[in-house]
Amino acid sequence: MRFRDLILHEDDRVVVINKPAGIASLSDREDGENLLFLARKYDPALKLCHRLDKYTTGVLLFAKTPEVYRAIAIAFEEREVHKHYLAVIEGIATFEEEVVDLPIEIAGKGKARIANGGGKPSLTVFSTAEMFRDYTLLNCHPMTGRMHQIRVHLSAIGLPIVGDGAYGGKDVFLSEIKRNFRPNRKEMESPIHDQYLLHARGIMLVLPGDEEESTFIAPLPKKFEAALRILRKYNPAD
């Protein structure tokens, strides 16, 4: 994997990439390669401004100088960075700026959960983007930046993300949604997606030195797009 092939935008302050699935933002004990390591091979001065989960795809931001890094860190702390994710969830949800305000705590190695007393305040706003018969595509706007926040919040309200087994999500198979489809009995059927369906679609912020907000958009992975096409064709809303 070449870091330069992931770049969506670069100027004298930041590098913005479209993160692929399956690689950690920072050091991962299970895999020596991570995006910060690749970024510093490209430019040793780069600093990671935020993180995405290993199997979450989409917009990831790096700063080129300590001054830019500090300014962006303050913007994140003061909730002046607006993040937009897309998620496909199990079930039907007709949301219009639905607020989920549930505290989150770490629940052990690599997992988080809703806190029953204590935890950190965590707030996410959800809106319906597209409905299918048995699934929904949601716009997700996390107002705080807790570990696995969107995944935990959706699981907590009974709408887990497709493919997110860690938080109760199930895979979607063509045999389940396409009438008269018969999978090859000699081979195990693969799901219509290759990871859980959560994508960091966009990030909006005012960069140091600017007066107006910049918006960076990451195209959906091909497999995510393909899953949506399959749902539109074989699981359309009634």
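Side notes on the structure shown:
- Averaging the sequence gap over all C-alpha pairs within less than 8 Å and six or more residues apart, then dividing by the number of residues, gives the range 155-205 a relative contact order of 33 percent.
- About the centre of its Cα atoms, the range 136-238 shows a dipole size close to 800 debye [charges on the beta carbon of Lys, Arg (+1) and Asp, Glu (-1) only; nearest 20 debye].
- All aspartates and glutamates inside 15 Å of residue 54 as judged from Cα atoms, apart from same-chain residues fewer than 8 positions distant: 28, 30, 31, 33, 164, 194
- Between 45, 24, 63, the Gaussian network model of the chain with springs among Cα atoms under 10 angstrom shows the greatest mean-square fluctuation at 45.
- Cβ-placed point charges (K, R +1; D, E -1), dipole of the range 95-195 about Cα centre in debye, nearest 20: 480
- Residues of the chain: accessible area per residue with a 1.4 Å probe, Å²: 54
- Sequence-separation-based contact order of the chain, relative, with Cα cut under 8 Å and 6+ spacing, percent: 19
- Taking the Cα centre of the chain as reference, the dipole from Cβ charges on Lys and Arg (+1) and Asp and Glu (-1) amounts to some 1040 debye.
- Close amide H partners of residue 135, meaning residues 5 or more places away or on another chain with modelled amide H under 5 Å apart, are 91.
- [x] 54, 42, 28; [y] 59, 42, 37; [z] 47, 44, 33, with the label sought being that of the calculated Cα extents along the principal axes in Å: [y]
- Unit charges at the beta carbon, dipole of the chain: most positive-side option, 131, 34, 92: 34
- Exceeding the 28 Å Cα-Cα cut-off - candidates 170/222; 111/186; 64/223; 83/120; 47/83: 111/186; 64/223
- Once backbone amide H atoms are built at 1.01 Å from N, residue 143 has 123, 124, 125 as its partners under 5 Å, excluding neighbours fewer than 5 places away on the same chain.
- Listed residue (102, 180, 158) projecting farthest to the positive dipole end of the chain, Cβ model: 180
The values are calculated or read from the model by the stated rules, or taken from the named source; none is laboratory data. Since this is a predicted model, take the numbers as computed values, not measurements. No Cβ is skipped: glycine too gets one built from the backbone with ideal geometry, and neighbour counts run over all protein chains shown. When the accessible area is computed, the model is the full protein with side chains, heavy atoms only, and any ligands, DNA or RNA have been set aside. Shrake-Rupley method; radii C 1.70, N 1.55, O 1.52, S 1.80 Å.
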